[in-house]
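Chemist: Attaching a single structure in structure tokens format; questions to follow.
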Amino acid sequence: MKLLITGGAGYIGSHVVLAALEKGSKVTIFDNLSTGNKKNINKDCKFVNGSINSLSDLSSLFKKEKFDAVIHLAGKKAAGESMKNPLIYLENNIIGTINLIKSCIENGINILIFSSSASVYGEPKYLPLDEKHSLSPINYYGYTKLAIENHLKWFSDLIGFRYAALRYFNAAGYDLENRVLGLEKNPQNLIPIVMEVASLQRDALDIFGNDYKTKDGTGIRDYIHVTDLAKAHIDALDYLLKKQVSITVNLGVERGYSVLEIIEMVTKISGKKIEYNIVDRRKGDIDTIIADYSLANHLLGWVPENSNLKTIIESTWKVYA
Ligand code: UDP
């Protein structure tokens, strides 16, 4: 199987590359290294430095190589940032992805694994969230993911383009065999920021609000180990190849931790005190998000194996310490 992995030098991408190589696939990484890390470019892959925002980069890539399927992970992933800089999200997550889908179709590739997000749901009407929940994103990041899911559905219905939309909950942790060592540049998500405080790269964490309707007032999220997340991409690809259908599934663990619980676990594992300030809520944030992953389990036989919080934090601290 010859795979193109966009964003393969990124945090999630580098873990998906490992899962694909383990399965015996030949992988080409396409990444512009804007947030990806050179250190994470797997030596067993071909690397092409290019952008999904450049039609000429895409056309020269597809002219030179043939692929059986594409795993698309090149995108921006910070909900808070998308509310401040929506144009970057329009450019990368919508225009870039449409360029890629168009290039796939024009070059006879009709299988795409797409990194979607739990933020397509918006404010939960019930928990845990299953795939039947209404879709009403409250941040622009979530909207960009929903817009692409909608385009994919049209192309699946109209011309048989097959896709798996994987709705990630909160990806966290690092490869348990220490094969991914590149840190995220300018991280926006909670765990890497707490790690930067623990490793003295940053003075303190700003906690975005402690008046949410949760047990300690801070936001609760469903943290999934990135290796479990990565494996689901390969399981989804196998499923699409076998069944000739398109699917949309949640990838989470069905339990949540608050910001303060994350700080507590990082303190316990690193032995470092985490300084923090309580600041205003961040625009587009929600109290609690927890996944029902039974559809992924039912269709793909997927189970999260490494997603307990201790493993997530220990594997991350090993990289940051
Ligand atoms: N958060 C925080 N300070 C930060 C980053 C995140 O308090 O510097 C909180 C955020 O409000 C949310 C949780 O941590 O409750 C997880 O946020 P993250 O950005 O990691 O993921 P999201 O769920 O927003 O995609």
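Chemist: Please compute P(r) over all alpha-carbon pairs of segment 1-157, binned at 10 Å starting from zero, and give each bin as a whole-number percent.
Modeler: P(r) over segment 1-157, rounded to whole percents: 11, 39, 35, 14, 1.
Chemist: What list of whole percents do you get for P(r) of the chain, with Cα-Cα distances grouped in 20 Å bins up to the one holding the largest distance?
Modeler: Calculated P(r), rounded to whole percents: 34, 60, 6.
Chemist: What is the dipole size for segment 94-168, taken about its Cα centre, with +1 at each Lys and Arg Cβ and -1 at each Asp and Glu Cβ, in debye to the nearest 20?
Modeler: Here segment 94-168 has a charge dipole of around 20 debye.
Chemist: Let me ask something else about it. Can you tell me the Rg and the Dmax, both Å, for the Cα atoms in segment 215-267?
Modeler: Cα radius of gyration and Dmax of segment 215-267 are 15.7, 47 Å respectively.
Chemist: So with the 1.4 Å probe, I'd like the accessible area per residue for segment 183-256, rounded to whole Å².
Modeler: 41 Å²
Chemist: Which loop GluC sites (Glu not before Pro) in segment 207-311, with loop taken from DSSP, have no more than 12 other Cβ atoms within 10 angstrom of their Cβ?
Modeler: Of the GluC sites (Glu not before Pro), the ones in loops of segment 207-311 whose Cβ has at most 12 other Cβ atoms within 10 Å are E275, E305.
Chemist: Please compute the Cα-Cα pair-distance distribution of segment 96-243 with 10 Å bins starting at 0, giving whole percents from short to long.
Modeler: Cα pair-distance distribution for segment 96-243, in percent: 9, 30, 35, 20, 6, 0.
Chemist: Related question: Can you give me the Cα centroid spacing of segment 277-321 and segment 1-63 in angstrom?
Modeler: Here the answer is 24 Å between Cα centres.
Chemist: Just to confirm the number: angle between the C-alpha axis of helix 55-64 and the first principal axis of the chain, 0 to 90 degrees, nearest 10?
Modeler: The helix 55-64 is inclined about 60 degrees to the chain.
Chemist: Let me ask something additional. Tabulate in residue order the Karplus-calculated ³J(HN,Hα) for segment 79-95, using 6.51 cos²θ - 1.76 cosθ + 1.60 with θ = phi - 60°, rounded to whole Hz; enter x for Gly and Pro.
Modeler: Per-residue couplings from phi come out as 4, x, 4, 5, 7, 9, 10, x, 4, 4, 6, 4, 4, 7, 7, 9, 5 Hz.
Chemist: I've got another one for you. Out of all DSSP beta bridges with both ends in the chain, state the antiparallel percent to the nearest 5.
Modeler: Close to 5 percent.
Chemist: Over segment 174-265, one equal point on each Cα, no solvent: what is log10 I(q)/I(0) by the Debye formula at q = 0.12, 0.17, 0.24 Å⁻¹?
Modeler: For segment 174-265, the Cα-only Debye profile gives -0.55, -0.92, -1.28.
Chemist: Now a separate question. Regarding segment 132-185, what is the average projected area of its C-alpha convex hull, in nm²?
Modeler: 6.3 nm²
Chemist: For the Cα atoms of the chain, what angle does the longest principal axis make with the long axis of helix 11-22, in degrees from 0 to 90, nearest 10?
Modeler: Taking the Cα atoms of the chain, the angle to 11-22 is about 50 degrees.
Chemist: Using a Gaussian network model on the chain with a 10 Å cutoff between Cα atoms, which of S56, S116, S294 fluctuates the most?
Modeler: S56
Chemist: What is the helix-to-structure angle for 309-320, meaning the angle in degrees between its Cα long axis and the longest Cα principal axis of the chain, kept from 0 to 90 and rounded to the nearest 10?
Modeler: 80 degrees
Chemist: So, one more: Counting only Cα atoms, I'd like the Rg/Rh figure for segment 84-167, Kirkwood definition for Rh.
Modeler: With Rg and the Kirkwood Rh in hand, the quotient comes to 1.00.
Chemist: Along the charge dipole of the chain, pointing to its positive end and built from +1/-1 on Cβ of Lys, Arg, Asp and Glu, which listed residue (N308, I278, N210) has its Cα farthest out?
Modeler: After comparing all options, I get N308.
Chemist: Still on this structure, please answer the following. Can you give the three extents of the C-alpha atoms in segment 1-65 along their principal axes, from longest to shortest, in whole Å?
Modeler: Projected onto its principal axes, the Cα set of segment 1-65 covers 31, 26, 15 Å.
Chemist: Report the net charge of residues surrounding V279, where surrounding means a beta-carbon distance below 14 angstrom and charges are Lys +1, Arg +1, Asp -1, Glu -1.
Modeler: Charge balance near V279 sits at -3.
Chemist: Tell me, what does the Kirkwood hydrodynamic radius of segment 254-318 come to in angstroms if you use every pair of distinct C-alpha atoms?
Modeler: About 14.4 Å, per the Kirkwood formula over Cα pairs.
Chemist: Would you rank M265, M83, M1, M195 by solvent-accessible area, highest first, keeping every protein chain in place and using a 1.4 Å probe?
Modeler: M1, M83, M265, M195
Chemist: Sticking with this structure for a sec: Quick one: work out the % antiparallel among DSSP beta bridges in segment 137-258, nearest 5.
Modeler: Beta bridges within segment 137-258, antiparallel portion: roughly 20 percent.
Chemist: Figure the gain on full extension for K272 and L176 (residue separation times 0.36 nm, minus the Cα-Cα span) and round it to one decimal in nm.
Modeler: Extending this stretch completely gives an extra 32.4 nm.
Chemist: Tell me the net charge near K185. Cut-off is 12 Å between Cβ atoms, K185 excluded, with +1 for each Lys or Arg and -1 for each Asp or Glu.
Modeler: Taking every other residue near K185 into account, the sum is 0.
The values are calculated or read from the model by the stated rules, or taken from the named source; none is laboratory data. Just so you know, these numbers come straight off a predicted model, no measurement behind them. Every residue, glycine as well, gets a Cβ built from its backbone with ideal geometry; the counts of neighbours run over all protein chains shown. Keep in mind that these areas ignore ligands, DNA and RNA; they rest on the heavy atoms of the full protein, side chains included. Shrake-Rupley method; radii C 1.70, N 1.55, O 1.52, S 1.80 Å.
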